[in-house]
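These notes concern the structure reproduced below.
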Amino acid sequence: MSLIIKLEAKNSIKYQKLISELVDLGYVRVNMVMEHGEFAVRGGVIDVFAANQSHPVRVEYFGDEIERLNSFNVHSQCSISELKTTDIAVFKKSEVHFFSGNEESNEDVISALRVDDYIVHEDYGVGVYKGFTRLKLKYYEGEYILIKYAGKDKVYVPLDQINRIYSYQGADEKPVLSSLYDGSWQRAKEKVRKATEVLAEDIYLLYKLRQSKKGFVFGPDTEKQLDLEGSFNYQLTKDQEKAVADIKVDMESDKPMDRLLTGDVGFGKTEVLLRASFKAVENSKQVAILVPTTVLAEQHYRTFSKRFELFGYRVKVMSRFRSKKEQVEIVKGIKEQSVDVVIGTHRILQKDIEFRDLGLLVIDEEQRFGVDHKEKIKKMVPNVDVVTVSATPIPRTLYMSMTGARDLSNIGTPPNLRKPVFTLVSEYSDELVKKAIYYEVGRAGQVFYLYNKVRYIKKRQQELQKLFPDLVIGVAHGQMKEADLQKAMLDFMDKKTDILLCSTIIENGLDMRSVNTVILENAENFGLSQIHQLRGRVGRSTEQGYAYLLFPSAELLPEKAKKRLQAIREYAALGAGYKIALKDLEIRGAGSLLGRKQHGHIISVGFDLYCKLLEESVYKAKHKKPIQKTNIFIDPEVKAYIPEDYIADPRERFALYKRLMGLGSDAELMAIKYEIEDRYGSCPSLVEDFFESIRKKLL
């Protein structure tokens with residue numbers, strides 16, 4: 001059974017008939033279409049994501065006649081191409097449909113802010129967001145943002161102050177609500193401002209000090225260097241090429257390098273490090289690569305050994321997986337320089353390690369190391385070139401602020417030919433798990449199975465073994481004995497096991513090209529940033545990667561878990577969740593750059609406002625004026641709101657208001673108007689007047 005919709009056909013299906021037919025075909029009505037089997041109704045516009053289509057379709061009616069038929073991008077919610085006809089097949093709930101995430105995400109489609117989330121207003125402080133309310137006050141009639149503060153305090157914020165509002169992000173801590181009348185917020189903000197000014201001065205002095213130091217000047221690339229680079233089986237992305245070039249320029253300078261290399265999981269940071277390390281050994285210098293986990297140390301060891309030993313260079317690994325006898329030999333080799341590259345955990349920071357001629361230090365996943373480790377590193381490398389690596393994203397404002405402390409290379413694009421990871425958010429079933437795992441094993445692949453209840457992991461292994469009697473299931477988690485963990489990981493790396501049942505021990509750095517399916521059981525218990533990191537562990541070759549985010553029956557979930565699950569669905573489906581998913585990673589990244597002292601200040605005003613204050617302070621330290629952002633002020637004569645019968649979802653209206661109040665040109669305004677008419681149909685006169693008033697302000 002299916003439904004044929006034709007553009008401009010006199011006998012085409014009527015508006016109300018289409019809605020009832022979609023229900024009969026098994027489609028579910030939602031506010032915004034994000035996945036297969038959903039449809040949404042907004043005035044004369046009906047969106048449908050058919051079971052048999054790769055993209056949803058948009059049907060726009062004028063009365064009962066179809067005026068427009070388009071396919072559209074689920075991430076941006078904007079039209080892609082015109083259609084003459086479309087076929088909508090019946091939707092069966094048992095069907096499996098993946099989110100591909102293959103288009104650029106549009107973070108402006110829907111606000112991450114929900115009612116009862118914590119929020120920060122620059123002037124009034126930390127409060128609770130209570131949504132929109134329509135008011136006619138002295139200044140103008142329109143929608144106001146209601147924020148509740150301590151006690152019975154509350155503020156109605158007009159739309160033209162929306163860009164003075166920030167979502168509150170402060171790691172996992174719950175903030176103290178501000179009071180409007182005791183001056184506590186102004187005192188807190190002033191304290192943070194002074195702290196950022198001190199930090200900004202330190203950053204600036206550190207930059208000037210770096211400029212005065214002299215380091216080793218590495219020579220130009222050798223023939224061997226070119227041979228090593230030619231042995232890489234893939235083409236570098238432009239971002240990788242630039243990062244490699246930037247690091248080489250730093251190494252060939254007489255200033256000690258202090259470069260921060262960032263990039264999302266799976267974006268090819270290791271190849272950049274490998275080339276920098278080879279340049280160092282070609283100049284008769286030693287390289288130390290510091291990593292947070294023994295598992296990652298072993299993996300890097302395999303990668304570097306394979307490429308370096310062809311050229312006669314010796315690579316060794318120092319970790320708890322190595323015997324005492326092996327460690328003694330490696331320590332001796334480091335001292336005598338018979339070891340060129342040593343990869344290790346904090347073990348290589350211990351007193352018995354003496355490098356004969358260290359030229360390059362690489363610190364991988366810096367945020368995983370404590371303050372004590374970082375102090376040891378500083379003493380160890382006064383004039384040595386340093387590359388610090390992080391998959392933890394750091395906001396652009398912080399990049400700009402920190403440029404006085406470190407040079408930055410950011411790899412922002414995935415490798416060429418890399419396919420996006422298909423993601424499924426679904427209720428758990430044995431049948432689904434069997435289908436997923438046997439498909440992966442059938443194409444000679446392996447599977448990560450995330451089960452984060454270490455206490456019951458052995459029992460879960462037995463249950464899975466019954467489902468997969470013909471497959472080998474290994475277990476890995478951080479509480480295992482060193483020898484057992486090493487054996488489990490090496491067996492999996494050597495493809496002796498098909499499934500690795502594991503905790504989040506695999507979260508950082510693992511790059512196993514034969515593993516292209518990851519299953520997260522009880523996905524509702526994982527943070528969005530964790531999901532982002534774990535999903536990045538698969539799809540790292542040219543094979544299609546799959547991520548299954550599985551949860552128990554939705555009816556059994558507590559309300560908090562349901563909210564998190566909804567966020568996971570949005571994250572997987574819209575792609576706009578990138579910002580939400582990585583926010584706490586950004587905070588961790590900031591923590592690693594800024595240090596423990598600033599943590600309390602981030603908590604008191606929220607992460608986003610802290611970044612703004614720090615940016616202003618860095619400009620002040622450099623005796624420069626910060627760039628002023630545009631802000632639209634609403635004409636008091638105009639009704640300033642978008643009616644609910646045009647855009648019903650308040651989160652969609654919030655995202656739109658934020659964009660409108662920060663516009664810089666008439667062209668941007670016209671682009672937004674075109675976009676919303678595409679998504680919601682022709683603007684009513686009230687919205688036309690609102691847009692025209694903004695246009696006059698811009699002109």
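Overall shape of the stretch 200-263 was characterised from the C-alpha gyration tensor. The equivalent ellipsoid obtained from it has semi-axes of 29, 16, 6 Å, in decreasing order.
Taking the C-alpha atoms only, the angle from helix 578-594 to the longest principal axis of the chain is near 40 degrees. When the Cα positions of 421, 19, 81 are compared along the charge dipole of the chain, 421 comes out farthest toward the positive end, with charges on each C-beta of Lys, Arg, Asp and Glu. Nearest 10 degrees is fine. How inclined is helix 184-212 to the longest principal axis of the chain, computing both from alpha carbons? Once rounded, the angle reads 40 degrees.
When you count the other C-beta atoms within 10 angstrom of each residue and take the mean per peptide, 685-695, 73-83, 140-150 line up highest first as 140-150, 73-83, 685-695. Relative to its Kirkwood radius, the Cα radius of gyration of the stretch 311-351 gives an Rg/Rh of 0.94. Taking every C-alpha pair closer than 8 Å and separated by at least 6 residues, the mean separation divided by the residue count of the chain gives a relative contact order of 17 percent.
Calculated mean residue ellipticity, 222 nm, the chain: -11500 deg cm²/dmol, from DSSP H runs (n ≥ 4) at -39500 (n - 2.57) each, averaged per residue and rounded to 500. Taking the longest Cα principal axis of the chain as reference, the axis of helix 685-698 is set at about 50 degrees.
Once Cα extents along the principal axes in Å is calculated for the structure shown, the corresponding label among [x] 120, 60, 47; [y] 109, 58, 47; [z] 84, 67, 50 turns out to be [z]. Look at the alpha carbon pairs under 8 Å that are at least 6 residues apart: their mean separation over the length of the stretch 1-64 gives a relative contact order of 20 percent. Using the Karplus curve 6.51 cos²θ - 1.76 cosθ + 1.60 with θ = phi - 60°, work out ³J(HN,Hα) for each residue of the stretch 25-40 in order, rounded to whole Hz, and write x for Gly and Pro. 3J(HN,Hα) across the stretch 25-40, in whole Hz: 7, x, 7, 9, 7, 9, 6, 9, 6, 10, 9, 4, x, 10, 9, 10. Max-minus-min Cα coordinates of the stretch 2-89 on each principal axis give 32, 27, 23 Å, with the largest extent listed first. The order of 55, 601, going from fewest to most other C-beta atoms within 10 Å of their C-beta, is 55, 601. Only Cα pairs under 8 Å and 6+ residues apart enter the sum, and on that basis the relative contact order of the stretch 215-411 stands at 32 percent. For residue 249 and residue 419, a Förster radius of 45 Å and the Cβ-Cβ distance give a FRET efficiency of 0.85, rounded to the nearest 0.05.
No value in this document is a laboratory result; all are computed from the given coordinates. Note that the structure is predicted; figures quoted are calculated from it, not measured. In this analysis, Cβ positions are derived from the backbone assuming ideal geometry, glycine residues included, and neighbour counts consider all displayed protein chains.
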